Amino acid sequence: MLPRLDSWKLRPARDLGLPPSERRRSNLREAGWFEALLHGGWWSVMRLYLRLAHRFEIHQREHLPTEAPFVMVANHSSHLDALALCAPLPMRLRAQVFPLAAGDTFFSKPTTSLFAAHALNALPVWRKSGGRHGMEDLRQRLVEEPSGFILFPEGTRTRDGQMASFKAGLGMLVAGTSVPVIPCHLEGCFAAWPPHRGRPSPGRVRLRLGPPRTFADVPHDRTGWDHIAQVTEQAVRELGGGATPPASPDPN
């Protein structure tokens, strides 16, 4: 039996009517058919690049998310980090996966904004403006669409290779929700492409994943946000300091 017409729920795109420049900078941006084709091509190339140039290894692959919503969090030392987290994810999730990127770094100039929005499918987080309101918009999108976020809770790349403390923004996104948070640890990205170098060099990169955690019982307030930051930071540190298990093959 065909569904009744009045049972269909059509929703206009969240970014409908925004000028192109504002659309790229909006965390309400939705991918069209052109972006979908671009994402597929870009990530196919990135998988091959990571395999050939960085001998990419994935440990505990069973913890990779297979459906949205989810948040993957990791230590942050290189522009390779987001590539290494996104590349192993199933291609069918590609339009739902959004790296959260610093707006003042990736969305302040037209060229970098075009690349971040249309190739990486990144959403901006404005560190000097936007604040709580912007995080609430992202939280709503994470749960309602649903979406998968790639997040680096240190807030910026390390300059010395050492992991810094996690900030509370992750907690603002997931406190009081059932959204799984997957802790990850990246090894080799800093050596291959540290912040002071203009381009990457060959070198092995390893991704280790931990079991997902949820924070449905954690209050959506400052105390809860800080608790989530501390718990996930410890999980990422433990992944980085543990023994190396057998690796699974490169992303396919």
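Here are the numbers:
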| quantity | calculated |
| --- | --- |
| Residue count for region 46-68, restricted to those that are out of contact with any helix residue (DSSP H, G or I) (no Cβ under 7 Å at 6 or more places or on another chain) and either part of a helix (DSSP H, G or I) or among the acidic types (Asp, Glu) (or both) | 11 |
| Failed criterion for Arg23 (all others in (1) of a type in the set (D, E, K, R); (2) modelled with pLDDT under 65; (3) closer than 30 Å to Ala216 by Cα hold) | (3) |
| Scope region 58-75; condition buried (at least 23 other Cβ atoms within 10 Å of the Cβ) and either over 18 Å from Phe166 (Cα atoms) or touching a Pro at 6+ places or on another chain (Cβ under 8 Å) (or both); matching residues | Phe70, Val71, Met72, Val73, Ala74 |
| Options Leu120, Leu151; residue that is hydrophobic (A, V, I, L, M, F, W, C), under 19 Å from Ala229 (Cβ atoms) and in contact (Cβ under 8 Å) with a residue 24 or more places away in the chain | Leu151 |
| Condition broken by Val45, with the remaining ones in (1) in contact with a Phe, Trp or Tyr (Cβ under 6 Å, 6 or more places away or on another chain); (2) among the β-branched types (Val, Ile, Thr); (3) over 16 Å from Pro212 (Cβ atoms) satisfied | (1) |
| Failed item, numbered, when Val125 is tested on (1) in contact (Cβ under 8 Å) with a residue 40 or more places away in the chain; (2) under 24 Å from Gly41 (Cβ atoms) | (2) |
| Pro183 being farther than 28 Å from Thr66 by Cα, touching a residue at least 60 places away in the same chain (Cβ under 8 Å) and either crowded, with 22+ Cβ neighbours inside 10 Å or out of contact with any Ser or Thr (no Cβ under 6 Å at 6 or more places or on another chain) (or both) | no |
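The values are calculated or read from the model by the stated rules, or taken from the named source; none is laboratory data. As the structure is a prediction and not an experimental result, all values here were calculated from the model. Positions of Cβ are generated from backbone atoms using ideal geometry, with glycine treated the same way; all protein chains shown enter the neighbour counts.
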